[in-house]
Amino acid sequence: MSMAATTHPSPLPQRRARSSRPALAGVGKTEPLPVLHALSELREAVDHCRRCTLWRAATQGVPGEGAPHAPLMLVGEQPGDSEDLAGHPFVGPAGAVLDRALADAGIERRAIYVTNAVKHFKYEQRGKRRLHMKPSIAEIAACNGWLREELRLVRPKLVLGLGASAARAVLGRAVTITSMRGKAVPLDETTHAWITIHPSYLLRMPEEARRIEIDRFTDELRAVRQWLRAHGA
Ligand code: URA
């Protein structure tokens, strides 16, 4: 993967009004997820998903995006405020930290696939601000079929889970980040998983500790890149 400038679609200027349209067949609470034929179907499918209640307050469902057969898939927790408005993953403050670390590690964002464990923004309204809330185990489970579809269609060699919610979604169980960090573990016959911290954890740290931890995170991304090279990607 080569070094190159990272580009994003620019965020939508305004929140889109939430429509009251009914769920598409197959994405209601109790029905099985539809089998997608292509990643291009994902946006509409997650936007119509009613398997949990997060869609009600969110602007839109935010699907993953990136290279269709990327060797590396990044999984975050859920869209944040900026991502909910823009309809694209990791375009807000955590995305800026992630982009910088990826670029410093020599990983081109266009060459990877970036998604989230949960596709709708969960938040608490405080005045004008929408404050992030952690998704529940049930919400992660309700959304997991979409991640499985993305894995089936992209078939990455390595899935990098960012933080505890992503780790749960990717591995199907709770793990501590410290016990899993820094190594690839087999997920199935074709894919390995690698668990690390979430970039928003870095944003919450005091300045000095943050610099050290950003370097550590960037080194870990370099190790991911080396792992991919060693595995023919
Ligand atoms: N945090 C996430 O986990 N995902 C995003 O897309 C943005 C912030």
Per the rule of 0.36 nm per residue minus the C-alpha distance, extending His132 to Ala38 adds in nm 30.8 nm
Expressed as a percent, the portion of alpha-carbon pairs in the stretch 58-194 spaced more than 17 Å apart is 58 percent
If every Lys and Arg gets +1 and every Asp and Glu gets -1 at its Cβ, then about the Cα centre the chain yields a dipole, in debye to the nearest 20, of 520 debye
The extension gain from Ala174 to Gln125, computed as 0.36 nm times the residue separation minus the Cα-Cα distance, is 14.8 nm
Expected sort for 64-74, 148-158 on mean C-beta neighbours within 10 Å, highest first, is 64-74, 148-158
Unit-weight point scatterers at every alpha-carbon of the chain, Debye formula, q = 0.09 1/Å: log10 I(q)/I(0) is -0.35
Distance in Å, no decimals, from the C-alpha centre of the stretch 113-156 to the one of the stretch 171-233 is 19 Å
What helix-only [θ] at 222 nm does the chain give? Using -39500 (n - 2.57) per DSSP H run of at least 4, over all residues, to the nearest 500, the answer is -10500 deg cm²/dmol
Listed with the fewest Cβ neighbours within 10 Å leading, Ser82, Ser179, Ser165 appear as Ser179, Ser82, Ser165
Length gained, Asp219-Arg110, 0.36 nm per residue minus C-alpha separation, equals 37.3 nm
Fewest to most Cβ atoms within 10 Å: Phe90, Phe217 sort as Phe217, Phe90
Exposure proxy check on Thr218, Thr53, Thr115, Thr196: fewest-to-most Cβ neighbours within 10 Å is Thr53, Thr218, Thr196, Thr115
Measuring from the longest principal axis of the C-alpha atoms of the chain, the long axis of helix 93-104 (C-alpha) lies at a number of degrees, nearest 10, equal to 30 degrees
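Just so you know, all these numbers are worked out from the coordinates, no wet-lab data involved. The model shown is predicted, which means the values in this text are computed figures rather than measured ones. Reconstructed Cβ throughout: ideal geometry from the backbone, glycine too, with neighbour counts over all protein chains shown.
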